[in-house]
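**Student:** One structure coming up, written as structure tokens, with questions to follow.
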Amino acid sequence: MMLKANNIQKSYEELPILKGINLEVGKGEIASIVGASGAGKSTLLHILGTLDRPDSGDLVINGISINNLNEKALSAFRNEHIGFIFQFHHLLPEFTALENICIPAFIKGLSKNEAEMKAHELLEMLGLRHRANHKPTELSGGEQQRVSVARALINNPAIILADEPSGNLDTENATSLHNLFFNLRDTIKQTFIIVTHNEGLANISDRIINIKDGLII
Ligand SMILES: Nc1ncnc2c1ncn2[C@@H]1O[C@H](COP(=O)(O)OP(=O)(O)O)[C@@H](O)[C@H]1O
Ligand SMILES: [Mg+2]
């Protein structure tokens with residue numbers, strides 16, 4: 001198992017949002033999380049991504065129990081083992097595509113040379129070689145998201161978590177981003193958990209996790 005969540009509970013201001021989520025995701029699996037707006041999908045994804053702590057419940061990622069890590073260990077763990085892709089790319093505007101992709105590798109402690117070599121490989125693989133030195137505003141929406149994918153991949157994460165990754169893309173770019181996810185599953189057995197409203201993506205994923213009233217149905 002790449003990720004195992006056991007009885008995850010979370011409330012905001014006494015209002016229960018997640019009421020006991022149990023979830024297991026295996027290596028090379030693409031799981032889609034679906035559910036109505038406000039159902040708690042992003043809340044769950046943040047908890048699975050260790051960006052937020054549950055009120056109770058256990059989370060094990062890549063064999064490591066998250067509950068036992070202090071804040072500093074957790075940040076390092078997150079940087080090394082979890083890749084994130086958001087609806088709005090969250091690339092740093094002052095930095096080029098290459099530099100944005102390198103940041104998680106620098107945080108991990110790779111040298112400039114090592115990080116840039118990996119970033120160039122990823123740019124090549126994602127068809128972005130000619131965009132290495134462009135800043136985010138000089139890239140199309142589809143290219144920005146592919147740079148985000150490269151940034152998510154650079155530390156070979158156990159799992160990539162994506163929150164509405166194609167929510168801001170037109171149909172063609174959305175389809176091509178989804179195809180990229182499936183290519184990465186097939187070629188490098190990359191594991192994904194993706195919150196999505198895109199029925200096409202949900203339907204072709206390996207598993208659909210439907211959240212309603214704080215539980216998986
Ligand atoms: N930081 C927060 N403080 C208070 N309430 C929150 C917070 N984050 C989310 N919520 C509430 O939790 C519920 C679930 O939100 P969210 O996980 O963002 O839903 P979804 O992603 O499924 O649309 C919503 O009612 C939202 O208002
Ligand atoms: Mg959300």
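The values are calculated or read from the model by the stated rules, or taken from the named source; none is laboratory data. Since the model is a prediction, treat every value here as computed from it, not as a measurement. As a convention, Cβ positions derive from the backbone with ideal geometry for all residues, glycine included, and neighbour counts pool all protein chains shown. We work out accessible area using only protein heavy atoms, side chains counted, and drop any ligands, DNA or RNA first. Shrake-Rupley method; radii C 1.70, N 1.55, O 1.52, S 1.80 Å.
**Student:** Where the only charges are on Cβ atoms (+1 Lys, Arg; -1 Asp, Glu), what is the dipole of the range 1-78 about its Cα centre, to the nearest 20 debye?
**Tutor:** Dipole size: approximately 200 debye.
**Student:** Same structure, new question: Just the number please: accessible area per residue for the range 3-216, 1.4 Å probe, all protein chains included, in Å².
**Tutor:** Solvent-accessible surface per residue comes out at 48 Å².
**Student:** Dipole of the range 50-131 (Lys/Arg Cβ +1, Asp/Glu Cβ -1, origin at the Cα centre): which of I103, A73, M117 lies farthest to the positive side?
**Tutor:** M117
**Student:** Would you mind finding the longest exposed-site-free stretch of the chain, with exposed chymotrypsin sites (Phe, Trp or Tyr not before Pro) meaning DSSP loop and at most 14 other Cβ atoms within 10 Å?
**Tutor:** In the chain, the maximal stretch lacking such sites is 96-217.
**Student:** Let me ask something additional. What residues qualify as long-range amide H neighbours of I160, i.e. H under 5 Å apart, gap of 5 or more or another chain, H built at 1.01 Å from N?
**Tutor:** It is G83, T191, F192, I193, by chain and number.
**Student:** Now a separate question. Would you mind working out the magnitude of the charge dipole of the chain relative to its Cα centre, with +1 at each Lys and Arg C-beta and -1 at each Asp and Glu C-beta, to the nearest 20 Debye?
**Tutor:** That gives a dipole near 400 debye.
**Student:** Another question, if that's okay. Of the trypsin sites (Lys or Arg not before Pro) in the range 1-55, which ones lie in a loop per DSSP and count no more than 14 other C-beta atoms within 10 Å?
**Tutor:** In loop regions of the range 1-55 (DSSP not H, G, I, E or B), the sparsely surrounded trypsin sites (Lys or Arg not before Pro) are K27.
**Student:** Any idea which of F88, G38, G63 is furthest toward the positive side of the dipole for the range 3-216, if Lys and Arg beta-carbons carry +1 and Asp and Glu beta-carbons -1?
**Tutor:** Checking the options against the dipole of the range 3-216, the answer is G63.
**Student:** Is there a quick way to get the dipole size of the range 121-217? I mean about its Cα centre, with the Cβ of Lys and Arg at +1 and of Asp and Glu at -1; what is the value in debye to the nearest 20? Before the final figure, lay out each step's value.
**Tutor:** Numbers: 9 positive and 12 negative charges, 55 e Å.
Roughly 260 debye for the range 121-217.
**Student:** Then there is this: With a 1.4 Å probe and all protein chains left in place, how much of the accessible area of the chain comes from carbon and sulfur atoms, in whole percent?
**Tutor:** 49
**Student:** Nearest-5 percent of antiparallel DSSP beta bridges in the range 3-216?
**Tutor:** Given both bridge residues lie in the range 3-216, the antiparallel proportion sits at roughly 50 percent.
**Student:** Ok, one more. Do the alpha carbons of any pairs in K112/K135; K19/K189; K27/K118 sit beyond 27 Å of each other, and which pairs?
**Tutor:** K19/K189
**Student:** Pick out, in residue order, every one of the trypsin sites (Lys or Arg not before Pro) in the range 156-207 that is DSSP loop and has at most 12 other C-beta atoms within 10 Å; say none if there are none.
**Tutor:** In loop regions of the range 156-207 (DSSP not H, G, I, E or B), the sparsely surrounded trypsin sites (Lys or Arg not before Pro) are K189.
**Student:** Give the distance, in whole Å, between the Cα centre of the range 151-178 and the Cα centre of the range 101-133.
**Tutor:** Between the Cα centres of the range 151-178 and the range 101-133 lies a distance of 17 Å.
**Student:** Relative to the longest principal axis of the chain, what angle (0 to 90°, nearest 10) does the C-alpha long axis of helix 171-188 take?
**Tutor:** Taking the Cα atoms of the chain, the angle to 171-188 is about 90 degrees.
**Student:** Continuing with the same structure: Which GluC sites (Glu not before Pro) does the range 72-150 hold that lie in a coil by DSSP with at most 16 other beta carbons within 10 Å?
**Tutor:** Those satisfying the criteria are E94.
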